[in-house]
Amino acid sequence: MENRIKVYNTLTQKKEDLIPFEGKTVRMYVCGPTVYSSAHLGHARAAITFDVITRFLRKVGYKVEYARNYTDVDDKIINKSKETGIPPEEVARIYTEEYKNDMFNLGVETPTHEPKVTEHIPEIIDLIKTIIDKGYAYQSDGDVFFSIKMFRGYGKLSKRTPDEMLAGIRVDINEKKEDPLDFALWKGVKPGEPWWKSPWGKGRPGWHIECSAMSMRYLGNSFEIHGGGKDLIFPHHENEIAQSEAATGVEFVKYWVHNGVIQINREKMSKSLGNIINVKDALSIWNREAIRLFLLSHHYQNPADFSEKALDESETALERLYIMFKRANDLTKNNKREDKELATSLNLFNTKWIESMFDDFNTADTVGQLFDLVRATNRSIDAFGWTHTLQETIEEIRSFGSTLGILELNPDDYLKKEKLSKRSLEIDEEEINELIEKRNAARKEKKWKRADEIRNYLDSKGITLEDTPKDTIWRVKAK
RNA sequence: GGCGGCGUAGCCAAGAGGUAAGGCAGCGGUCUGCAAAACCGCAAUACCCCGGUUCGAAUCCGGGCGCCGCCUCCA
């Protein structure tokens, strides 16, 4: 078939060929966090989804200009400041740092640009001016509102008309607005709030305008991909389209790409349900690669139901991969034979996973293919030991892993060190090694009862032993 | 109420007209002192229900039922 990447576009509700405006450069903007609280799994999913998309596009030869913002002025930040007594700038600074840290710990690569709202106030003011000049916005008191009825395409992304939205129940009444659906581009200052000077008096940007201003600043008036969680489609992205296209008269974004939400036990993760899981907390329990594998085992558009069981299963699945790496590592390179069956499996994998990624970044499908190859690889290790083909296979799996941001550790680091430090297991490496020696001494004398006692003891501490022809190896149980 | 989406074996989850990936859990076998890991096999007539289109439907269309998201701050 056509050698083109297909991407599902929320705007057209179809999978489309990804065709950049120019050559092989893809410009992508993804809505980053409003920095008023710790990053949760929803942030992690969005970041990882677009991290993988970026990694893959680059792998297949695209240049990706990737911008992801920090919204560091906002009502929620101001509220947090009032609650805690910490100045708003400080609230924003703390959570921006935390977000960066969390993303680093999740293995998310840093985007090309990470603009902050507070550093782009002039751009925002200019953009609002243009929108007013073109007649799409009006001043009311100290505020500036976007007039949705002036923009003909309003609702094209979220597939609803203003009338339908008005039929909905909760629309806040604000006498300053001409139409209840109008939204603020600029908010006049209130006592104790951060403000900047503007042609409309002191104030600050409304929500939505920052993303338009910053994406245009770094990526241009029209760019290829705009991403974010599905929950941002309305009103955030709808409003971005309206204000951007009102200002420039050209199509803002070619492909709108939205990731599905995280659910906890089939329910939305939300403050009111009290079921928000922070990235930091998840990382204290599970390896970051397990979290990524869990997410990437779902198609990015589908909801992902997070549970302890599901994450434990991802760790178990990862363990299978690392055990395979370890088996391969431990082989001596003395075999001159080649395994043709493995070569065939490898070729199949090479073409299939790329194909799956070309088809709307179907990482879940690639994971299935990976495990097919893993079986073939283990079979090959059993039958042939080390071969050049095996070496090649391992390298290819690693390379695949680096596109998904998994399988980047040494087997021993994953199977031992990482987990030893993550679980408080009341046992250390030294003691484990001592016990293994004792057990092997017992085994030599065929004192099986004693040997099994030691193994059971270690098992009770969460350590699994494995006797290989050469020696005894150990790992921390997956659970 | 409006808009969007989902329902695939015990659980999780891909697939979107051509005869159902993969993971986890379970069972049996090979290997092992016994295990573990790995491999082989079983469970497995797995596509919510009822109609329709088609040579052929999990996939398309219509109608049900159940669940979820958005419409208010959200990744």
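The values are calculated or read from the model by the stated rules, or taken from the named source; none is laboratory data. It should be emphasised that the depicted structure is a prediction, and the values quoted were computed from it without experimental measurement. Cβ coordinates were reconstructed from backbone atoms using ideal geometry, including for glycine residues, and neighbour counts include every protein chain displayed.
A few remarks follow.
- Close pairs (8 angstrom Cβ cut-off, 6 or more residues apart or separate chains): more than 18 Å from A:ASP330 (Cβ to Cβ) and of a type outside the set (A, V, I, L, M) in the stretch A:457-469, more than 6 Å from RNA strand B (Cβ to nearest atom) and at pLDDT 90 or above anywhere: A:TYR457/A:LEU435; A:GLY462/A:VAL476
- Cβ-Cβ under 7 Å pairs, at least 6 apart or on other chains, the stretch A:149-161 side closer than 19 Å to A:LYS230 by Cβ, far side within 10 Å of RNA strand B (Cβ to nearest atom) and hydrophobic (A, V, I, L, M, F, W, C): A:LEU157/A:ILE233; A:SER158/A:ILE233; A:SER158/A:PHE234
- Qualifying residue in the stretch A:407-426 (condition: over 32 Å from the mean Cα position of the chain (by Cα) and charged (D, E, K, R)): yes
- Scanning the stretch A:300-313 for residues that are in contact (Cβ under 8 Å) with a residue 24 or more places away in the chain and surrounded by fewer than 17 Cβ atoms within 10 Å (Cβ to Cβ) gives A:GLN301, A:ASN302, A:PRO303, A:ASP305, A:SER307, A:ASP312.
- From A:MET357, A:MET324, residue being within 9 Å of RNA strand B (Cβ to nearest atom), modelled with pLDDT of 95 or more and in the same structural domain as A:GLY385 (by TED's automatic domain parsing): A:MET324
The rows are residues; the columns are (1) acidic (Asp, Glu); (2) crowded, with 17+ Cβ neighbours inside 10 Å; (3) more than 24 Å from the chain's Cα centre (by Cα).
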{"site": "A:GLY192", "(1), (2), (3)": "no, no, yes"}
{"site": "A:MET214", "(1), (2), (3)": "no, yes, no"}
{"site": "A:ASP231", "(1), (2), (3)": "yes, no, no"}
{"site": "A:ALA242", "(1), (2), (3)": "no, yes, yes"}
{"site": "A:LYS280", "(1), (2), (3)": "no, no, no"}
{"site": "A:LEU296", "(1), (2), (3)": "no, yes, no"}
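- Of all residues in the stretch A:240-289, those satisfying the criterion of being in contact with a Leu (Cβ under 9 Å, 6 or more places away or on another chain), more than 10 Å from RNA strand B (Cβ to nearest atom) and part of a strand (DSSP E or B) are A:VAL253, A:LYS254, A:TYR255, A:TRP256, A:ASN278.
- Inspection of the stretch A:404-411 finds no residue satisfying the criterion of being near RNA strand B (Cβ under 10 Å from one of its atoms) and not in a helix (DSSP H, G or I).
- Residues (outside any helix (DSSP H, G or I) and among the hydroxyl-bearing types (Ser, Thr, Tyr)) located in the stretch A:339-388: A:THR387
- The set of residues from the stretch A:443-474 being touching a Phe, Trp or Tyr at 6+ places or on another chain (Cβ under 9 Å) and near RNA strand B (Cβ under 8 Å from one of its atoms) comprises A:THR464, A:LEU465, A:GLU466.
- Single condition A:ASN378 does not satisfy, out of (1) touching a residue at least 60 places away in the same chain (Cβ under 8 Å); (2) near RNA strand B (Cβ under 9 Å from one of its atoms); (3) at negative phi; (4) of a type outside the set (Val, Ile, Thr): (1)
- Note on the stretch A:173-214: residues that are out of contact with any helix residue (DSSP H, G or I) (no Cβ under 8 Å at 6 or more places or on another chain) and under 30 Å from A:GLN13 (Cα atoms) amount to 2.
- Residue match in the stretch A:18-29 (condition: at pLDDT below 95, assigned to a strand (DSSP E or B), in the same structural domain as A:GLY227 (by TED's automatic domain parsing) and within 13 Å of RNA strand B (Cβ to nearest atom)): no
- Restricting the stretch A:418-442 to residues that are of a type in the set (Lys, Arg) and in contact with a strand residue (DSSP E or B) (Cβ under 8 Å, 6 or more places away or on another chain), the residue that is farthest from RNA strand B (Cβ to nearest atom): A:ARG423
- Going through (1) touching a Cys at 6+ places or on another chain (Cβ under 8 Å); (2) surrounded by fewer than 21 Cβ atoms within 10 Å (Cβ to Cβ) one by one, A:GLU114 falls short only on (1).
- Qualifying residue in the stretch A:222-229 (condition: surrounded by 21 or more Cβ atoms within 10 Å (Cβ to Cβ), within 11 Å of RNA strand B (Cβ to nearest atom) and of a type in the set (Val, Ile, Thr)): no
- Qualifying residue in the stretch A:423-438 (condition: surrounded by 15 or more Cβ atoms within 10 Å (Cβ to Cβ) and closer than 30 Å to A:ALA364 by Cα): yes
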